[in-house]
Each structure stands twice: as structure tokens, then as C-alpha cells.
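Accompanying notes for the structure given below.
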Protein chains: 2
Amino acid sequence: MRHFPSDSAESYLIGVVDVARWEQFQLGDTLPFQAMWYTVPPASSSPQDCHPEVELSVVISGTASVEASGEFTDVAPGSCFLLGSEEAHVIHNRSADQPLFIFTTYWMPRTGDGPAELATASAAGSGAGEEGPS
Amino acid sequence: MRHFPSDSAESYLIGVVDVARWEQFQLGDTLPFQAMWYTVPPASSSPQDCHPEVELSVVISGTASVEASGEFTDVAPGSCFLLGSEEAHVIHNRSADQPLFIFTTYWMPRTGDGPAELATASAAGSGAGEEGPS
């Protein structure tokens, strides 16, 4: 078992956003994705970002107001949001006093995983009913 | 963008653990892993689990006491733990009153990703310095 404490990770600023990338843990290709933590300070927003990687994020604390594809969506702690390949996004923290803390995974899409494809993803290939960790 | 609220996901019990698997979202092979949320009630523990999938978990709320490979490790909110293929584990919640809530990803290892290999994972293949989402 390996432990990755979020409070001791090395981080740096991108705009106002404090980013701690997992490359520092030198996991090689153990994970089938890359990962990072990031913090958006109170009453601020991330720079707009757009990249080929698909991105799945889980909110740890605070509430994310996710701006993507012309819509704003509030994402509460414990809930997740999935951004498609090349889907531009800005992450807003509307709180006046609470930081927004997020854990994110990202990877290059294997097929068409753009915003439109995500919205209509079908059950094809779904592992429903399969055994797995519990 | 797709939103996955944790509080409306369908779940079921494995022992005392409430599990909400992501197969219900029918994402097909959009994600390069499977995922689930799970909740360990106060003052209780998960059944022992052991499976071929490698498993990366992030604690959302509460503190996990992770028992694996003969050691116990406390994992705080926002921090992560990585379990190797076939590494038996029990997740304890020592709190008398707070549920332990965790988001987990898991996938079949591509090479030797057992407990020993994880402990010695080298920088080979590390993407340090690569561009990516921010």
C-alpha cells in the first residue's frame, strides 16, 4: 500500500490555482491516467483550460461551479465531473471564505471522447454486473 | 461536461459498506478504469477484500484506517492510497460518529503491479514535466 498525503505534496501556481501534480510520485505507468490535486482560492477562478485529455474530477471540499460548453454546474463535495477532450472549462469558487479543493485524473482518449460523445455515451462495453473491488 | 452527484447514485450494501458502482452511469470504455463511491459507517470496518485489480482511492470525508500488508495507515480527507494487485485490505472507520466516504478507481494491472512493485515503483516512464490539464 502506498499513501499519498495531499498536504505534503509539492505544488506550484498556475494563475491563482495551486497545483500538485502526481508526476512527483514517480509511479511510472502504474496508473492508467495522470493525476493532480488543485486548489482554487475563495472568490476566484481558474484560468480557462482546454486540452486533448479527458478529465474526471472529484470535489474534496468546497463547491465547484464548473463552466463548460456554455453552462454552469455546481458540483458538491464527493461529487464528480467529467470533461471531454478539447472541452474548454473554467472552475469557479463562489465561496467568499472556503478554498475549493479537487482531485483530478486525466488521460488521452482512446476514441471519440469529445463533449458530444460523452453526453451520449451508451451502455456498450459497460461492465455492469461485473465483479470488482468492494 | 457530465455531472455525477454522489448523493443520488444507486447503491447497495456489502457487509456494512454502502457501495455505489459507476457501471450505473453506462460510460462504456470512456474511463480507463472502473469507479465507485463507498461509505463505511462509524465505528465499523469493511469486509476484507482482495482482488486482481490495482485500486487508487481518495478519502472525501472522515479518516480511513487502511489495513494492508500487516500495517495500518491513517488517510485523511483529500489524501489517497494505492493498493496493489492481490493486496488484501480492510478499511476501518475509527470515528464514533462520522461516516467515512471514499471515491475509488480500479483497473487490471498491465504488468507486475503487486504490493512489492508498488513500493519500489521507479521513475521509468514518469511524465514529469509534461504538459497537461491545469
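The values are calculated or read from the model by the stated rules, or taken from the named source; none is laboratory data. For clarity, every value in this text was computed on a predicted model and none was experimentally measured. Here the Cβ is made from the backbone with ideal geometry for all residues, glycine too, and neighbour counts use every protein chain on show.
What are the pairs with Cβ atoms under 7 angstrom where one residue, in the stretch B:1-17, is in contact (Cβ under 8 Å) with a residue 12 or more places away in the chain and the other, located anywhere, is of a type in the set (D, E, K, R) and surrounded by 14 or more Cβ atoms within 10 Å (Cβ to Cβ)? Sequence gap at least six, or different chains.
Final answer for the pair search is B:SER11/B:ASP18.
Check the stretch A:2-9 and report whether any residue there is surrounded by fewer than 22 Cβ atoms within 10 Å (Cβ to Cβ), touching a Leu at 6+ places or on another chain (Cβ under 6 Å) and not aromatic (Phe, Trp, Tyr).
Among the residues of the stretch A:2-9, at least one is surrounded by fewer than 22 Cβ atoms within 10 Å (Cβ to Cβ), touching a Leu at 6+ places or on another chain (Cβ under 6 Å) and not aromatic (Phe, Trp, Tyr), which makes the answer yes.
Against the condition among the charged types (D, E, K, R), touching a Ser or Thr at 6+ places or on another chain (Cβ under 7 Å) and either closer than 24 Å to A:PHE101 by Cβ or assigned to a helix (DSSP H, G or I) (or both), how does B:ASP18 come out, does it pass?
On the way: among the charged types (D, E, K, R): yes; touching a Ser or Thr at 6+ places or on another chain (Cβ under 7 Å): yes; either closer than 24 Å to A:PHE101 by Cβ or assigned to a helix (DSSP H, G or I) (or both): yes.
Yes; evaluated as a whole, the condition is true for this residue.
State which residue pairs qualify: first residue polar (S, T, N, Q) and inside the stretch A:82-104, second residue at pLDDT below 95 in any location, beta carbons under 7 Å apart, and separation of 6 or more residues or different chains.
A:SER85/A:PRO109; A:SER85/A:ASP113; A:SER85/A:GLY114; A:THR104/B:PRO133
How many residues does the stretch B:68-97 hold that are in a strand (DSSP E or B) and more than 9 Å from chain A (Cβ to nearest Cβ)?
Pass one, the stretch B:68-97, residues in a strand (DSSP E or B): B:68, B:71-75, B:80-83, B:89-93.
From the residues that got through so far, the ones that are more than 9 Å from chain A (Cβ to nearest Cβ) too are B:72, B:90-93.
Number satisfying all stated conditions: 5.
Okay, residues lined up against (1) charged (D, E, K, R); (2) more than 12 Å from the chain's Cα centre (by Cα); (3) at pLDDT below 95; (4) surrounded by fewer than 16 Cβ atoms within 10 Å (Cβ to Cβ):
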| site | (1), (2), (3), (4) |
| --- | --- |
| B:SER11 | no, yes, no, no |
| B:ASP29 | yes, yes, yes, yes |
| B:PRO32 | no, yes, no, no |
| B:TRP37 | no, no, no, no |
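I'm checking my understanding of the structure. Among residues of the stretch A:40-61 that are surrounded by fewer than 21 Cβ atoms within 10 Å (Cβ to Cβ) and more than 8 Å from chain B (Cβ to nearest Cβ), which one is nearest to B:LEU27 (Cα to Cα)?
A:PRO52
In the stretch A:15-33, what residues are more than 20 Å from A:TRP107 (Cα to Cα) and either in contact with a Phe, Trp or Tyr (Cβ under 7 Å, 6 or more places away or on another chain) or facing chain B (nearest Cβ under 7 Å) (or both)?
Passing the criteria: A:VAL17, A:ASP18.
Just checking, does the stretch B:39-47 include any residue being under 26 Å from A:ASP74 (Cβ atoms) and in contact (Cβ under 8 Å) with a residue 60 or more places away in the chain? Full working, then the answer.
Quick first cut of the stretch B:39-47, residues under 26 Å from A:ASP74 (Cβ atoms) only: B:39.
Now drop any that are not in contact (Cβ under 8 Å) with a residue 60 or more places away in the chain, which leaves B:39.
Yes: one or more hits.
Please tell me if A:SER57 is more than 19 Å from B:GLU23 (Cα to Cα) and at pLDDT 95 or above. Quick ask: steps written out before the conclusion?
Details: more than 19 Å from B:GLU23 (Cα to Cα): no; at pLDDT 95 or above: yes.
So A:SER57 does not fit the description; no.
Take B:THR104 and tell me if it is surrounded by fewer than 18 Cβ atoms within 10 Å (Cβ to Cβ), at the interface with chain A (Cβ under 9 Å from one of its Cβ atoms) and at pLDDT 95 or above. So that I can check it myself, show each step before the final result.
Values: surrounded by fewer than 18 Cβ atoms within 10 Å (Cβ to Cβ): no; at the interface with chain A (Cβ under 9 Å from one of its Cβ atoms): yes; at pLDDT 95 or above: yes.
It is false that B:THR104 is surrounded by fewer than 18 Cβ atoms within 10 Å (Cβ to Cβ), at the interface with chain A (Cβ under 9 Å from one of its Cβ atoms) and at pLDDT 95 or above.
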